[in-house]
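Chemist: Dropping the structure in here first, questions after.
The values are calculated or read from the model by the stated rules, or taken from the named source; none is laboratory data. From a predicted model like this one, the values you see are computed outputs, not experimental measurements. Glycine gets a Cβ as well: all are built from the backbone with ideal geometry, and neighbour counts include every protein chain shown. What goes into the accessible areas is simple: the full protein's heavy atoms, side chains included, and nothing from ligands, DNA or RNA. Shrake-Rupley method; radii C 1.70, N 1.55, O 1.52, S 1.80 Å.
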Amino acid sequence: MTELIQYIPLATAIVSAIAGWLMGRRKREADAASSEIANVSAVVNIWKQTAEDLRDQYITIKGDLSRLQEDYERLEDEHRKIMKENSTLRTRVRKLESENQRLQSKS
């Protein structure tokens, strides 16, 4: 019996070590899960911010595109008018050149 009493502190130490390891393992797993949730939450916030930034950039670019299309249409209309005027002036120059040659040949 005295031999058995001699092993009680050893047995108590082993049982305490196993219980501590089991409890520590549960705590580490809980801490790891908590850390993983925090990381996922951070990633979600980063993606959310990125999506909002992209939406804002899209809205800005869409507005820019609309203004550029309006400018293009206005410039295209001006170009057509200038080309028409140019054609009219060329026709007029040809007539004047023809008249000028005719007048020079009479003199």
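Chemist: May I ask you to compute the full-extension gain from K62 to W21, defined as 0.36 nm times their residue separation minus their alpha-carbon distance, rounded to one decimal in nm? It would help to have the intermediate numbers written out before the result.
Modeler: Values: separation 41, 0.36 × 41 = 14.76 nm, distance 6.01 nm.
Here the answer is 8.7 nm.
Chemist: Add +1 for every Lys or Arg and -1 for every Asp or Glu among the other residues with Cβ under 14 Å from the Cβ of E78, and state the total. Write down the numbers at each step before the final one.
Modeler: Working: positive: R74, R80, K81, K84; negative: E70, D71, E73, E76, D77, E85.
Around E78, the charge tally is -2.
Chemist: Right, next: Taking K and R as +1 and D and E as -1, what net charge do the other residues with C-beta under 13 Å from the C-beta of E99 add up to?
Modeler: Working: positive: R92, R94, K95, R102, K106; negative: E97.
Neighbourhood net charge equals +4.
Chemist: Summarise the accessible area of the chain (1.4 Å probe, protein heavy atoms) by the percent that is carbon and sulfur. Kindly include the intermediate steps, with their values, before the conclusion.
Modeler: Values: 6180 of 10180 Å².
The C+S portion of the solvent-accessible surface of the chain is 61 percent.
Chemist: Oh, and also: Which listed residue (A51, Y72, I82) has the Cα farthest towards the positive end of the charge dipole for the chain, taking +1 on Lys and Arg C-beta and -1 on Asp and Glu C-beta about the Cα centre?
Modeler: Towards the positive end, the residue furthest out is I82.
Chemist: Dipole size in debye (nearest 20) for the chain around its Cα centre, Lys and Arg Cβ +1, Asp and Glu Cβ -1? Spell out each step's value before the answer.
Modeler: Details: 18 positive and 17 negative charges, 193 e Å.
Dipole size: approximately 920 debye.
Chemist: Report K81's accessible area, 1.4 Å probe, all protein chains in place, as a number in Å² to the nearest 10.
Modeler: K81 exposes around 130 Å² with every protein chain in place.
Chemist: Choose one of S105, A38, G63: the residue whose Cα lies farthest towards the positive end of the charge dipole of the chain (beta-carbon charges +1 Lys, Arg; -1 Asp, Glu; about the Cα centre).
Modeler: S105
Chemist: Right, here's the next one. Taking springs between alpha-carbon atoms closer than 10 angstrom, which of A38, A30, A13 fluctuates most in the Gaussian network model of the chain?
Modeler: A13
Chemist: Something else about it: If I take the Cα coordinates of region 3-107 and project them onto the principal axes, what are the three extents in Å, biggest first?
Modeler: Between the extreme Cα coordinates on each principal axis of region 3-107 lie 150, 20, 9 Å.
Chemist: So how much accessible area does E97 have, in Å² to the nearest 10, using a 1.4 Å probe?
Modeler: 110
Chemist: So how many Lys-Lys pairs in the chain land under 29 Å Cα to Cα, not counting same-chain pairs under 8 apart?
Modeler: Close lysine pairs found across the chain: 5.
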